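*Asks:* First, the structure itself, so that you have it in front of you.
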């Protein structure tokens, strides 16, 4: 039984299917355009890297090519059973999960001598599966092997959860500021986090995206709202960063 | 690919197009509009021509979303697939990229010229283009792996010239009135495809659901622009159509049960039905009819193509949520995709 579960969402030009065959499940992703194929190739690379780091004991490829032409690519990904948090529920309800994700990030993400690390590029609650084996990160369509400052994806996740949780409020609550600060502090325990993420985390994340559009291929050109944190205004960024950095000073 | 191995009535080949028995004209564009863009086509290429002459149809032609249902077929390289009523080739190009040997048939030469240019632009050589009446063409017995009939079946009872803009919801008496029952014509058409299929071959059929939930809220039938006609008994719908449009109601749609019966009567044995949301043209979700609607998230977007948020859309989205997430009324799904096997 096959089911289309997502078709070109956020102009990604990739269609995602779920195949259920005698109880076993598999995710299939298909693309037939340059942008879509580029995304799937990144997904393959991303899974290759993540599998080595996260599931070193697993010999079979989690993500593999099923069919490939110069203008067509179809890949299969093993289905991971587990629970996804609702991305709209905000920081407070996801406090424990976020702590786990920060620790997972610290365990998995490598640190290169130039201060960079691999880029997931779309680390949102929707791309995190939680089960008894722990945290699993999926959807590697924006993967870049040496694309971002260490900590970028994790800090990005915090602000994306904040964005959806704020709904129509202009500023976060005090508790939300605390949650962001405590999670950045978890990352900072590794002593790898760039100082800008402590001084002005939201501005650093947004500036990085704007100055590194190419890391996301052509996606951000055709779908600029794909990354919701780009929607924070300068005023919001200033006030949020000030509140967080003052809390960080207290923690350090 | 030798076209004569698959189609019996090929008359001649002119300018890279095979010609079968001549048919009418069916297009969203008027004949005059179609003529205009043809002269610039080789110079501008397909994309720029569409952007310049009819940008409102850009997504209809080029959006990769259009082909979201085709992986249900699991198309394999080398398979012979006939796209019946291919028009501008939104699905043809996808199948060609997947490595299939594609025969693209349409009765409107102007649409096929655009498709041809697109094939040149994308360096796709595994497509044969055929201009012919879809009802008069015959296929060699058991020669084709798959037929694709995407949004075509409901138009089969029509004959002659259909310039959609001129006749959609407008009062135009058609001179070549439909003499046979529409469902008989549709069955004949499907039987013809059935005979052309190899044993185990597949038919991909996409069509609006006669009982699409939106129709109950007064949303007009997408073929004749009259509200409620698809829900009503055919005879009453026919009377309304004759009164309001001056022509019979012949663009028959079907329910899930109706399409299954039609395909069975045409000879197909194994028929898998799928619910398609928000419609089969730009599918967001395709769910097996035998599957579950648990956790269904609405697919109708709140924002329209012009960036506005009309209240109607909000209502439609709310209706979609209640009907499919809460009540799970599969029978009211907006569109149907059927995969039928010989």
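The values are calculated or read from the model by the stated rules, or taken from the named source; none is laboratory data. Since the structure is predicted, the reported quantities are computational estimates derived from the model, not experimental observations. With ideal geometry, Cβ positions are generated from the backbone for all residues, glycine too; neighbour counts draw on all protein chains shown.
*Asks:* Whether any residue in segment B:54-64 is assigned to a loop (DSSP other than H, G, I, E, B), within 14 Å of chain A (Cβ to nearest Cβ) and at pLDDT below 95 is what I want to check.
*Replies:* Looking for residues that are assigned to a loop (DSSP other than H, G, I, E, B), within 14 Å of chain A (Cβ to nearest Cβ) and at pLDDT below 95, one finds at least one in segment B:54-64, hence yes.
*Asks:* Something else now. When you scan segment A:178-194, how many residues do you find that are under 14 Å from residue A:94 (Cα atoms) and buried (at least 20 other Cβ atoms within 10 Å of the Cβ)?
*Replies:* 3
*Asks:* Okay, next question. Which ones in segment B:320-340 are outside any strand (DSSP E or B) and either touching a strand residue (DSSP E or B) at 6+ places or on another chain (Cβ under 7 Å) or modelled with pLDDT under 95 (or both)?
*Replies:* Of everything in segment B:320-340, those that are outside any strand (DSSP E or B) and either touching a strand residue (DSSP E or B) at 6+ places or on another chain (Cβ under 7 Å) or modelled with pLDDT under 95 (or both) turn out to be B:330, B:333, B:334.
*Asks:* Restricting to segment A:36-60, what's the tally of residues that are without any contact (Cβ under 8 Å) to a residue 40 or more places away in the chain and touching a helix residue (DSSP H, G or I) at 6+ places or on another chain (Cβ under 7 Å)?
*Replies:* Going through segment A:36-60 one residue at a time, the tally reaches 2.
*Asks:* I'd like to check something: does segment B:73-83 contain any residue that is under 28 Å from residue B:222 (Cβ atoms), free of Cβ contacts under 8 Å to residues at least 24 places away in the same chain and assigned to a helix (DSSP H, G or I)?
*Replies:* Scanning segment B:73-83, I find no residue that is under 28 Å from residue B:222 (Cβ atoms), free of Cβ contacts under 8 Å to residues at least 24 places away in the same chain and assigned to a helix (DSSP H, G or I), so the answer is no.
*Asks:* Looking at A:92, A:80, which one is surrounded by fewer than 18 Cβ atoms within 10 Å (Cβ to Cβ), more than 16 Å from the chain's Cα centre (by Cα) and within 20 Å of residue A:201 (Cα to Cα)?
*Replies:* Of the residues listed, the single one that is surrounded by fewer than 18 Cβ atoms within 10 Å (Cβ to Cβ), more than 16 Å from the chain's Cα centre (by Cα) and within 20 Å of residue A:201 (Cα to Cα) is A:92.
Per-residue answers, yes or no, for (1) within 14 Å of the chain's Cα centre (by Cα); (2) modelled with pLDDT of 95 or more; (3) more than 14 Å from chain B (Cβ to nearest Cβ):
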site	(1), (2), (3)
A:55	no, no, yes
A:61	no, no, yes
A:65	no, yes, no
A:70	no, no, no
A:84	yes, no, no
A:109	yes, no, yes
A:112	no, no, yes
A:116	no, no, yes
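*Asks:* Against the conditions (1) at pLDDT below 95; (2) at the interface with chain B (Cβ under 9 Å from one of its Cβ atoms), where does residue A:11 fall short? Just the number, please.
*Replies:* (2)
*Asks:* Within segment A:107-126, how many residues are surrounded by fewer than 18 Cβ atoms within 10 Å (Cβ to Cβ) and in a helix (DSSP H, G or I)?
*Replies:* Total satisfying the criteria: 3.
*Asks:* Here is a follow-up. Since residue B:79 meets every condition but one in (1) closer than 27 Å to residue A:2 by Cα; (2) surrounded by 24 or more Cβ atoms within 10 Å (Cβ to Cβ), which condition does it not meet?
*Replies:* (2)
*Asks:* Still on this structure, please answer the following. Given (1) surrounded by 18 or more Cβ atoms within 10 Å (Cβ to Cβ); (2) within 12 Å of chain B (Cβ to nearest Cβ); (3) under 16 Å from residue B:98 (Cα atoms), identify the lone condition not met by residue A:17.
*Replies:* (3)
*Asks:* Can you confirm whether residue B:71 is in contact with a strand residue (DSSP E or B) (Cβ under 6 Å, 6 or more places away or on another chain), under 26 Å from residue B:279 (Cβ atoms) and within 14 Å of chain A (Cβ to nearest Cβ)?
*Replies:* Yes; evaluated as a whole, the condition is true for this residue.
*Asks:* Moving on. Only one of B:86, B:100 is on the phi < 0 side of the Ramachandran plot, buried (at least 24 other Cβ atoms within 10 Å of the Cβ) and more than 14 Å from chain A (Cβ to nearest Cβ). Can you tell me which?
*Replies:* Only one candidate qualifies: B:86.
*Asks:* So residue B:327 ticks every box in (1) more than 21 Å from residue B:186 (Cβ to Cβ); (2) within 14 Å of chain A (Cβ to nearest Cβ); (3) without any contact (Cβ under 8 Å) to a residue 60 or more places away in the chain but one. Which box is left unticked?
*Replies:* It is condition (2) that residue B:327 fails.
*Asks:* Where in segment B:186-279 are the helices (runs of 4 or more DSSP H), entirely inside, with at least 1 residues that are surrounded by fewer than 22 Cβ atoms within 10 Å (Cβ to Cβ) and in contact with a strand residue (DSSP E or B) (Cβ under 7 Å, 6 or more places away or on another chain)?
*Replies:* Filter on segment B:186-279 gives B:256-265.
*Asks:* Same structure, new question: Taking residue A:48, is it modelled with pLDDT under 95 and either surrounded by 19 or more Cβ atoms within 10 Å (Cβ to Cβ) or more than 14 Å from chain B (Cβ to nearest Cβ) (or both)?
*Replies:* So residue A:48 does not fit the description; no.
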